[in-house]
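> Pasting a structure here, questions to come.
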Amino acid sequence: FHGIISREQADEILAGVEGAYILRESQRQPGCYTLALRFGNQTLNYRLFYDGKHFVGEKRFESIHDLVTDGLITLYIETKASEYISKMTTNPIYEHIGYATLLREKVSRRLSRSKNESRKASVTSEENTPVEKITSLVRRAALTQNDNHFNYEKAHNFKVHTFRGPHWCEYCANFMWGLIAQGVRCSDCGLNVHKQCSKYVPNDCQPDLKRIKRVYCCDLTTLVKAHNTQRPMVVDSCIREIEARGLKSEGLYRVSGFTEHIEDVKMAFDRDGDKADISASIYPDINIIAGALKLYFRDLPIPVITYDTYSKFIEAAKISNPDERLEAIHEVLMLLPAAHYETLRYLMIHLKKVTLHEKENFMNAENLGIVFGPTLMRPPEDSTLATLNDMRYQKLIVQILIENEDVLF
């Protein structure tokens, strides 16, 4: 650290020493710190920040030396291979070997060969240039063997990742350079790509069950794709149990079960998945199962009626003409992601059955709307005032969905 010195003084100190660096306090802005780095026969100056770790851009480093090392690697790559980097995504290996585009027959042959061949098998690009096969591509190809009958589209959940040892991008097959945070990894399926390549990867994430640690609080589309089901197994299991022994139960969905027992059901699903035992011998009170189903919907990070469609549903509910309102609701339903639409459709068919036993359970469509309105839809912004203002419309939307499920779905 050289204290308060000018850019010119920093340039003199670093002159002729490629890769050298110093830290200085800015003459123009005291209290602000600058990293002066010698690269390409010139001194580069970067505003330096610290929040527990040192950073210039978005990467955080334990030491200035690590920051400079990573910076020199990046500068060297960008200087020597800028044209190549700009072309990396134009002919990606992903289009030819990506797990989502392989035919099942090819996958089967690849998997049978991989048992007998070395892990260092090679593939050929369009120019017939051999490139080292990324071993995880074999793993990813294996995912398609689990034939997904419910082909819901899902975006990858990319997060910045630091790779230990050399790593290659699974989109363009090029090396991931840098000391830390060399690229991004999908936390749901494990796809590893450059940050710039992540923009081009299609929405074809196939979540890996090994990465999905729980059932509750898991994104709805992620869960159904991971388990290869049409709807979340929680919804199927609970509704099946309720329809078998609870449709005539007074106050169904309105009467609460014991919270600790509902938590037990939640833990059973998180632990055992679709093998969770929620039978009458374990939970004789059907309100516990109904409570577990409502809790599942409340715990979703994105509600069944998504944040993106929330305001459109509320606006549709405000239409006074019943026919126009029904048409508007139907149009918004078409905007829901496929897995959300299917889950909502199945639930409304079930709730319609509940209303057919109104004489015994005292639960009509309006009562169920009061219960399920805030459960199925929440405003995007966490505003108590917005929630209170919208409650009657939330109730009305669910009531209309139940009463008209045969028309709307």
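> Enter the accessible area per residue of the chain (Å², integer; probe 1.4 Å; all protein chains in place).
Accessible area per residue: 53 Å².
> While we're here: What share of all Cα pairs of the range 319-374, in percent, falls into each consecutive 5 Å distance bin?
Answer for the range 319-374: a P(r) of 4, 17, 18, 23, 23, 11, 4, 0 percent.
> Karplus couplings for the range 291-300 from phi (6.51 cos²θ - 1.76 cosθ + 1.60, θ = phi - 60°), rounded to Hz, Gly and Pro as x?
Once rounded to whole Hz, the list reads x, 5, 5, 5, 4, 4, 5, 5, 7, 4.
> Got the relative contact order for the chain handy, in percent, Cα pairs under 8 Å and 6 or more residues apart?
10
> Output the pairs from LYS154/LYS213; LYS225/LYS312; LYS59/LYS87; LYS225/LYS248; LYS213/LYS312; LYS266/LYS312 with a Cα-Cα distance over 30 Å in this structure; if there are none, say none.
Check vs 30 Å cut-off fails for LYS225/LYS248; LYS213/LYS312; LYS266/LYS312.
> Right, next: Please work out the Cα convex hull volume for the chain and give it in Å³ per residue.
212
> Within the accessible area of the range 225-299, what % is carbon and sulfur when the probe is 1.4 Å and the other protein chains stay in place?
Carbon with sulfur: 47 percent of the solvent-accessible area.
> What list of ³J(HN,Hα) couplings, whole Hz, do you get for the range 211-224 from phi and the Karplus terms 6.51, -1.76, 1.60, once you set θ to phi - 60° and write x for glycine and proline?
So the Karplus estimates, Gly and Pro as x, are 9, 8, 8, 8, 9, 6, 6, 9, 3, 4, 5, 4, 5, 5 Hz.
> Another question, then. Between the DSSP loop rule and a limit of at most 13 other Cβ atoms within 10 Å, which GluC sites (Glu not before Pro) in the range 347-400 are left?
Answer in residue order: GLU381.
> How large is ³J(HN,Hα), in whole Hz, for each residue of the range 271-281 in order, when computed from phi with the Karplus curve 6.51 cos²θ - 1.76 cosθ + 1.60 and θ = phi - 60°, using x for Gly and Pro?
Going residue by residue, I get 7, 10, x, 6, 8, 4, 8, 10, 5, 4, 5 Hz, with x marking Gly and Pro.
> Give me the accessible area of TRP177, 1.4 Å probe, in Å² rounded to the nearest 10.
Counting only protein heavy atoms, the figure is 40 Å².
> Same structure, new question: Find, among the trypsin sites (Lys or Arg not before Pro) in the range 176-210, those assigned to loop by DSSP (not H, G, I, E, B) with at most 13 other beta-carbon atoms within 10 angstrom.
Answer by residue number: LYS210.
> May I ask you to give the percent of accessible area on the range 164-221 that is carbon plus sulfur, with a probe radius of 1.4 Å?
52
> May I pose another question? Considering Cα pairs under 8 angstrom that are at least six residues apart, work out the relative contact order of the range 225-299 and quote it in whole percent.
Relative contact order, the range 225-299: 44 percent.
> Now a separate question. Calculated FRET efficiency, ASP406 and ASN91, Cβ-Cβ r, R0 56 Å, to nearest 0.05?
Efficiency for this residue pair is about 0.65.
> Between THR69 and ILE302, what is the spin-label point distance in nm, taking each point 7 Å from the Cα along the Cα→C-beta axis?
Taking the two extended label points, one gets 3.9 nm.
> For the range 7-87, what % of the accessible area comes from carbon and sulfur atoms, probe 1.4 Å?
For the range 7-87, the apolar C and S fraction of the accessible surface comes to 50 percent.
> Moving on. Using 0.36 nm times the number of residues separating SER383 and GLU358, minus their current alpha carbon distance, what extension gain do you get?
5.6 nm
The values are calculated or read from the model by the stated rules, or taken from the named source; none is laboratory data. Bear in mind that the values here come from a model prediction, so they are computed numbers and not experimental data. Don't worry about glycine lacking a Cβ; one is built from the backbone with ideal geometry, like all the others, and counts go over all protein chains shown. The protein model used for the area step is the full one, side chains on, heavy atoms only, and it has no ligands, DNA or RNA in it. Shrake-Rupley method; radii C 1.70, N 1.55, O 1.52, S 1.80 Å.
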